[in-house]
Amino acid sequence: MARILIIDDDQSILESLEMYFVEKGHTIGKAATGRVGLELFRRQKPDIVILDIRLPDESGMELLKQMQDLDPISKVIMITAFQDMKSIIDSMKEGAYDYIQKPLDIDEVERVVNQALQVLEVDRETAGYEEIGPMADQDVIVGASDKMRQIFKMIGLLCRNTTTVLIQGETGTGKELVARSIHLNSPYHGEPFVVLDCSSIVETLIESELFGHEKGAFTGAGQAKPGKIELAGRGTLFLDEIGELPLSLQSKFLGFLQRREYMRIGGQTTLQSNCRIIAATNRDLSGLVQKGQFKEDLYYRLRVVTLDMPPLRERVSDIPELVNHFLQKITAEFGSGPIKLQKGVLERLTAHSWVGNVRELENVLVEAAVRAQGKVILLEEIDRILVSKRGKAEEEPGDHSLPRVEKKHIENILASVEGNRTRAARILGISLPTLRSKIQKYRIVSD
Ligand SMILES: Nc1ncnc2c1ncn2[C@@H]1O[C@H](COP(=O)(O)OP(=O)(O)OP(=O)(O)O)[C@@H](O)[C@H]1O
Ligand SMILES: [Mg+2]
């Protein structure tokens, strides 16, 4: 049960909130002025303060600052009289936990107070614990699962030569990150790393983006412009979404790969380039080849070495470290103190299926961190965000019936813990016997 201090000059609010919270078993302090309020705050050390922003003697904002100095863990909830964006922003900036608006809706008050209490609990458990991690590095690739270790090994091998690489994998699995890493670890890391996203530009422009053009080569070509091949110099040309390269250009690009020679559009001189080519795709290129949408010989030229980025759901053991990594990155970007997780959050994140892979995980964490008042990410907040994003995931084709998804999910979790059923049950949040019966029901082959 909590100690709640209510400071408001409106007697009816004081009394109705008191009645309400006493009924719930909390201890209440009341004050009608700022001076008395601060005095009670010092003596009673409340867990939660409900503070009117407008008081007869002192401003609520001023009081909020003093309370935060005295006890930064206590949660101050501001009452604002009307839609006042500025006072809301200012009080949140000063460390208010949240705000509620007059006229008070008791359900809203209760919801905010209950959330604040949960945050308080986590804060107390970890009081005095300040985790200041090293600055998160932009290009660091997080992961210790077997699948990621294979990827690291390949990066290590590939950065010693300049062979063409094809990186395949679902969206958000880190294809570009890996391409950069190969470049950055190579002897030519001082040379350019140039990106051409084959899906983001108008078809007619890709040719000139790739090969460049001379002045007057076509309408609008007022000035000569080098292409990305030229810009890459002796560095790396990263062709993202190579599956989107128009067929007509595929032949021309293949010609370049075979001879390592090309001309700018409208040019007379043959240029040469030995830049490294790394291509990436989230489409099934061999499928496109079969459908005649991707040239077979270009496909074989590109896939000298292929890297298959594993989807996040096949390496859930990496999730805790990724979460940690992103929280540090967010903390550094926001310039805020450490962000903590309520119990159960990590389990929930581990159990999610992450259609958008690492990028989706990062986005969810950023959103949760922005909303994490009191710097604690609550389970209910994560649930809310995951549910609001779920609509998108369900648009994906395939069998998404609940039993099918459940079966797949159990298989993935089991694979990630190398068949250890006790650990799998813990991650899944079900008992061991329940897990066993589901394994039987779905005829899952494990261990
Ligand atoms: N293993 C990882 N460790 C740390 N950050 C990662 C990892 N994998 C991906 N990320 C981050 O996730 C985001 C998405 O990665 P990236 O852009 O490389 O994915 P992608 O496979 O190219 O996706 P798309 O197909 O949608 O272009 C980036 O912010 C990247 O830094
Ligand atoms: Mg990408």
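Here are PRO338, PRO320: which of them is farther than 21 Å from GLN258 by Cα and not in a helix (DSSP H, G or I)?
Just a single option satisfies the conditions, and that option is PRO338.
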Inter-residue pairs, beta-carbon under 8 Å, first closer than 16 Å to ALA221 by Cβ and in the same structural domain as LEU245 (by TED's automatic domain parsing) and in region 193-208, second of a type in the set (Phe, Trp, Tyr) and outside any helix (DSSP H, G or I), 6+ apart: SER208/PHE218
Matching residues in region 232-260 - criterion: being within 16 Å of ligand 1 (Cβ to nearest atom) and either outside the structural domain of LYS175 (by TED's automatic domain parsing) or closer than 17 Å to LYS291 by Cα (or both): ILE242, GLY243, GLU244, LEU245
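Here's the yes/no breakdown for (1) over 22 Å from SER87 (Cα atoms); (2) among the charged types (D, E, K, R); (3) outside the structural domain of GLU94 (by TED's automatic domain parsing):
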site: ASP8; (1), (2), (3): no, yes, no
site: ILE13; (1), (2), (3): no, no, no
site: THR27; (1), (2), (3): yes, no, no
site: GLY34; (1), (2), (3): no, no, no
site: GLU39; (1), (2), (3): yes, yes, no
site: LEU55; (1), (2), (3): no, no, no
site: GLN66; (1), (2), (3): no, no, no
site: ASP71; (1), (2), (3): no, yes, no
site: LYS75; (1), (2), (3): no, yes, no
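Quick test for you: out of VAL22, VAL36, VAL49, pick the one residue that is assigned to a strand (DSSP E or B), out of contact with any Lys or Arg (no Cβ under 6 Å at 6 or more places or on another chain) and not polar (S, T, N, Q). Break it down into steps so the answer makes sense when it comes.
Details: VAL22 fails: assigned to a strand (DSSP E or B); VAL36 fails: assigned to a strand (DSSP E or B).
The conditions single out VAL49.
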Count of region 166-186 residues which are hydrophobic (A, V, I, L, M, F, W, C) and either outside any helix (DSSP H, G or I) or over 16 Å from LYS153 (Cα atoms) (or both): 2
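Report, by residue number, each residue of region 270-293 that is closer than 30 Å to GLY190 by Cα and hydroxyl-bearing (Ser, Thr, Tyr).
From region 270-293, those closer than 30 Å to GLY190 by Cα are 270-282; that's our starting set.
Listed by number, the residues that qualify are THR270, SER273, THR281.
Does PRO320 meet the test of being away from ligand 1 (no atom under 11 Å from the Cβ), modelled with pLDDT under 90 and out of contact with any Pro (no Cβ under 9 Å at 6 or more places or on another chain)?
On the way: away from ligand 1 (no atom under 11 Å from the Cβ): yes; modelled with pLDDT under 90: no; out of contact with any Pro (no Cβ under 9 Å at 6 or more places or on another chain): yes.
Answer is no for this residue.
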Among residues of region 372-406, those that are modelled with pLDDT of 65 or more, assigned to a helix (DSSP H, G or I) and exposed (fewer than 12 other Cβ atoms within 10 Å of the Cβ), counted: 4
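If you take the residues of region 158-175 that are within 14 Å of ligand 1 (Cβ to nearest atom) and under 13 Å from ILE277 (Cα atoms), which of them is surrounded by the fewest Cβ atoms within 10 Å (Cβ to Cβ)?
Of region 158-175, the ones within 14 Å of ligand 1 (Cβ to nearest atom) are 165-175.
Now drop any that are not under 13 Å from ILE277 (Cα atoms), which leaves 165-167.
Numbers: VAL165: 25, LEU166: 22, ILE167: 27.
Per the stated criteria, the residue is LEU166.
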Counted residues, region 322-345 - those being under 14 Å from the mean Cα position of the chain (by Cα), crowded, with 16+ Cβ neighbours inside 10 Å and under 15 Å from VAL370 (Cβ atoms): 5
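Out of the residues in region 297-321 that are among the aliphatic types (A, V, I, L, M) and in contact with a helix residue (DSSP H, G or I) (Cβ under 6 Å, 6 or more places away or on another chain), which is surrounded by the most Cβ atoms within 10 Å (Cβ to Cβ)?
Quick first cut of region 297-321, residues among the aliphatic types (A, V, I, L, M) only: 298, 302, 304-305, 307, 309, 312, 316, 319.
Filter again for in contact with a helix residue (DSSP H, G or I) (Cβ under 6 Å, 6 or more places away or on another chain), leaving 298, 307, 309, 312, 316, 319.
Details: LEU298: 23, LEU307: 20, MET309: 23, LEU312: 27, VAL316: 23, ILE319: 25.
Among them, the one singled out is LEU312.
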Given (1) of a type outside the set (Lys, Arg); (2) surrounded by 15 or more Cβ atoms within 10 Å (Cβ to Cβ); (3) more than 30 Å from LEU402 (Cβ to Cβ); (4) within 14 Å of ligand 1 (Cβ to nearest atom), number of the condition VAL358 does not satisfy: (3)
Qualifying positions in region 195-210 - crowded, with 19+ Cβ neighbours inside 10 Å, within 13 Å of ILE229 (Cα to Cα) and within 16 Å of ligand 2 (Cβ to nearest atom): LEU196
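Please tell me if GLN290 is more than 30 Å from GLY220 (Cα to Cα) and more than 16 Å from ligand 1 (Cβ to nearest atom).
Values: more than 30 Å from GLY220 (Cα to Cα): yes; more than 16 Å from ligand 1 (Cβ to nearest atom): yes.
So GLN290 fits the description; yes.
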Filtered residues of region 297-312 (kept if more than 19 Å from GLU176 (Cα to Cα) and either under 17 Å from the mean Cα position of the chain (by Cα) or among the basic types (Lys, Arg) (or both)): ARG301
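The values are calculated or read from the model by the stated rules, or taken from the named source; none is laboratory data. The shown structure was predicted, so the numbers you read here are calculated from the model rather than taken from an experiment. Note that we place each Cβ from the backbone using ideal geometry, even for glycine, and neighbour counts take in every protein chain shown.
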